[in-house]
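The structure under discussion appears below in the form of structure tokens.
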Amino acid sequence: MSRRTTLATAAAALVALTLGACAPSADSPEPGAAAGAGCDGDAVALDVWSWRTEDLKTYERIFDVFEKANPCITVNFQAHLNTEYDQILRTGLTGSDGPDIAQVRSYGLLQPLVEGGNLEPLEDVVPALADFDDAILDGSRGREDGAVYGVPLASQTIQVYYNTAIFEEHGLEEPETWDDFIALNDTLLEHDVTPLAVGARDGWFVPTVHDALTAAQYGGADFQEALRDGATDFTDPAYVDSIQTLKDLQQYMPDDVTGVQYTDAQVLFTSEQAAMFAGGSYELAFFQDANPDLDLGVFQVPPPPGSALDHPVSAGYADGSWGLSATTEHPEEAETLLNWLATPEFGQLVADELKQFSPIPGVEFSDPLQQEMWDLYQESPAPYLLLVDYRYGDPVGTDLMGEAGQKLFLGDTDAEGAADVIQDGLSAWWTPGE
């Protein structure tokens, strides 16, 4: 099967998967049908918004646990398309039909909601926030006032997933060196297997792939510190080299990679038509649900010779939190839910049901692959750089890398040109060392 035909097959599979996931069953209850069941007082329905459409059914099961313990509160969980969510949320929080509680972005993308007065500070609302790690809370802080505006939901790590059956079929093992990594890609390509499932049509995914494949090459946390200290910028040769590596690896991605959507790439991998997927720990539950028979492994990509670091790393970041709308009409009930979202009970559900790294103290990870990803990150962590530090102004770093990466894949720019786009764009609001 050719790689082009493979992509067409995956697209067809995506349609089938989407229809299956979205079609309601004939006996499904109407939303809110159980509202107030067992309640001795006034029943209240809280609207909770998220960008995780993939997790809709799982969140409904999770919030069932809360509702059983709080029969007078019903949670109406609504998931919006990831690429449209930020605008939908801004509009909702400034109007009369927005959420009571919203999943909000971290770091720089949180700031417009803080500055707009759309969210309430939570230290006095959720006492358990005092037990969270400060580095995790940094993703939920207002930059000017330092207040915490969200109950942290999860931490994410970035690495490469691989299909162990495909590796075994072709006699492949997890790479220990850069040469090993290139050799296994070549072997897969020779056997007409797409090595890397990448979808670059969605620009937001490009910097994720870049950090999964090259964070060690440009220097990870050491490069972050050099930027913060003003010792370098994004035209640094090591960073340019990492962008060139991304271009060099294009040959192992689907044909016309800029025409491939992120969801196409997911299906290429879960339908076992691609051997590897460079992505976040947040993919695990989706992969396992989409194909329960998929046997997965993970690894960190070894850096090429001459890299800034001589060992592989996993990039990571604090991923979103639960924010309280400043205009909620049900503040008491919303605060009850927010406090539950900070409990080990909820955190363990996040770990077990969503297969994500809850930052709530005391949570354990029972999935062996999830634990392996966490251990790899703990051994050699790095920041998901453009998300953690470079979303505090306009344009944001991840958007710049996404657009530059797309042009790189199309042949409309080279590595130096892509680095210049990132540096020039960030220079509109950021100066190294300040």
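The values are calculated or read from the model by the stated rules, or taken from the named source; none is laboratory data. Fair warning: this is a prediction, and the values are worked out from it, not measured in the lab. Positions of Cβ are backbone-derived with ideal geometry, glycine not excepted, and every protein chain shown enters the neighbour counts. Each accessible area value is taken on the protein alone, full model and side chains, heavy atoms only, with ligands, DNA and RNA left out. Shrake-Rupley method; radii C 1.70, N 1.55, O 1.52, S 1.80 Å.
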Inset, instruction - Take the alpha carbon atoms of the stretch 291-434, find their radius of gyration, then divide it by 2.2 N^0.38 Å using N residues; give the quotient. - result: 1.37
Legend entry - Spin-label model distance (nm) - residue 169 vs residue 431, 7 Å beyond Cα toward Cβ: 5.7 nm
Legend entry - Among beta bridges that DSSP assigns inside the chain, antiparallel share in %, nearest 5: 60 percent
Inset, instruction - Might you tell me the accessible area per residue for the chain, computed with a 1.4 Å probe and given in Å²? - result: 42 Å²
Legend entry - Per residue convex hull volume, Cα atoms of the stretch 36-84, in Å³: 53 Å³
Inset, instruction - With a cut-off of at most 16 other beta carbons within 10 Å, and DSSP calling the residue loop, which trypsin sites (Lys or Arg not before Pro) in the stretch 101-173 qualify? Please list them. - result: 143
Legend entry - Where only C-alpha atoms are counted, convex hull volume of the stretch 229-298 per residue in Å³: 131 Å³
Inset, instruction - Can you pull the one-decimal nm distance between simple spin-label points at residue 332 and residue 86, each 7 Å off the Cα toward Cβ? - result: 3.8 nm
Inset, instruction - Run the accessible area of the stretch 375-434 with a 1.4 Å probe and give the carbon-and-sulfur part as a rounded percent. - result: 41 percent
Legend entry - Charge dipole magnitude, Cβ of K and R +1, D and E -1 - the stretch 287-368, Cα centre, debye nearest 20: 420 debye
Inset, instruction - Round to a whole angstrom and tell me the spacing of the C-alpha centers of the stretch 201-272 and the stretch 365-434. - result: 7 Å
Legend entry - C-alpha long axis of helix 397-410 to longest principal axis of the chain, angle in °: 40 degrees
Legend entry - Percent carbon-and-sulfur accessible area, the stretch 144-242, ignoring ligands, DNA and RNA, probe 1.4 Å: 41 percent
Legend entry - Inverse mean reciprocal Cα-Cα distance (Kirkwood Rh) of the stretch 82-209, Å: 18.4 Å
Inset, instruction - With θ set to phi - 60°, apply the Karplus curve 6.51 cos²θ - 1.76 cosθ + 1.60 along the stretch 238-249 and write out the HN-Hα couplings as whole Hz, x wherever there is a Gly or Pro. - result: 5, 6, 4, 4, 5, 5, 4, 4, 4, 5, 4, 7
Legend entry - For the stretch 366-372, 3J(HN,Hα) per residue [Karplus equation, 6.51 cos²θ - 1.76 cosθ + 1.60, θ = phi - 60°, Hz, x = Gly/Pro]: 8, 6, x, 5, 4, 5, 5
Legend entry - Within-15-Å neighbourhood charge of residue 68 [Cβ basis; K, R +1; D, E -1]: -4
Inset, instruction - Tell me the GluC sites (Glu not before Pro) within the stretch 129-197 that lie in a loop according to DSSP and have at most 15 other beta-carbon atoms within 10 Å. - result: 144, 173, 176
Inset, instruction - Pop out the carbon and sulfur fraction of the accessible area of the stretch 300-351 as a percent, whole number, probe 1.4 Å. - result: 50 percent
Legend entry - the stretch 325-430: GluC sites (Glu not before Pro) in DSSP coil with no more than 13 other Cβ atoms inside 10 Å: 329, 364
Inset, instruction - Quick one: check the C-alpha center-to-center distance for the stretch 274-288 versus the stretch 96-168, whole angstrom. - result: 22 Å
Inset, instruction - Report, in deg cm²/dmol and to the nearest 500, the calculated mean residue ellipticity at 222 nm for the chain, where each DSSP H run with n ≥ 4 adds -39500 (n - 2.57) and the sum is divided by the residue count. - result: -13000 deg cm²/dmol
Inset, instruction - Give, as a single signed number, the net charge of other residues whose beta carbon lies under 11 Å from the beta carbon of residue 395, with Lys and Arg counted +1 and Asp and Glu -1. - result: -3
